[in-house]
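Okay, so here's the structure we're looking at.
Read-outs throughout are calculated quantities, based only on the coordinates presented, and are distinct from any laboratory measurement. Note that the structure is a prediction, hence the values are computed from the model and not measured. Methodologically, a virtual Cβ is constructed for each residue, glycine included, from the backbone with ideal geometry; neighbour enumeration extends over all protein chains shown.
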Amino acid sequence: MNKKIVSVIFVAALMAPGISIRADDRNVTGNNNDPLKHPVNAYMNHEVKEDMKDSQEYSQKATDSKSAYKQAKTDYEKSLKDNGADNQITQDAKKRMQDSLKEMRKYNEKTNKANKETRKDEIKAHQ
């Protein structure tokens, strides 16, 4: 038991200098993020982080709107089957389905745009 404790302490003592050497100002893109020494890197890294947040947010909204579209589509199909195409309920269901499809496409487009911006900013950050 004593040998295990001593070996753990020994390994921790050997790892401590390595950990302190690696703990620098680097960030997700691998660049130094100190704004005083490297203002361009700091700005580009900030842009990358913001684009990643936007991409995640839009992706979540696209997923939500996709599920809303699927639900609206099934409601429309059920209403069409039960009430016919000329019924007001069916027309309202069709409008909801079309609106949710537009919203889903809008957020998919925004997600793609944010992903492109992220890639572009990552390339700039690595230069």
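Descriptive notes on the structure:
- Based on Cα contacts under 8 Å between residues 6+ apart, region 64-127 shows a relative contact order of 36 percent.
- Cleavage-rule hits (trypsin sites (Lys or Arg not before Pro)) in region 47-127: DSSP loop, at most 12 neighbouring Cβ within 10 angstrom: none
- Greater than 19 Å apart at Cα, pairs in Lys66/Lys110; Lys78/Lys102; Lys66/Lys94; Lys53/Lys116; Lys53/Lys73; Lys61/Lys106: Lys78/Lys102; Lys53/Lys73
- Cα-projected label distance for Arg105 with Asp86, points at 7 Å along beta-carbon direction, nm: 3.0 nm
- Label reach from Lys70 (point 7 Å along Cα→C-beta): in region 93-112, amide nitrogens under 17 Å belong to 97-98, 100-105, 108.
- Annotation: extensible slack from Thr63 through Lys3 equals 16.2 nm (criterion: 0.36 nm per residue apart, minus Cα-Cα distance).
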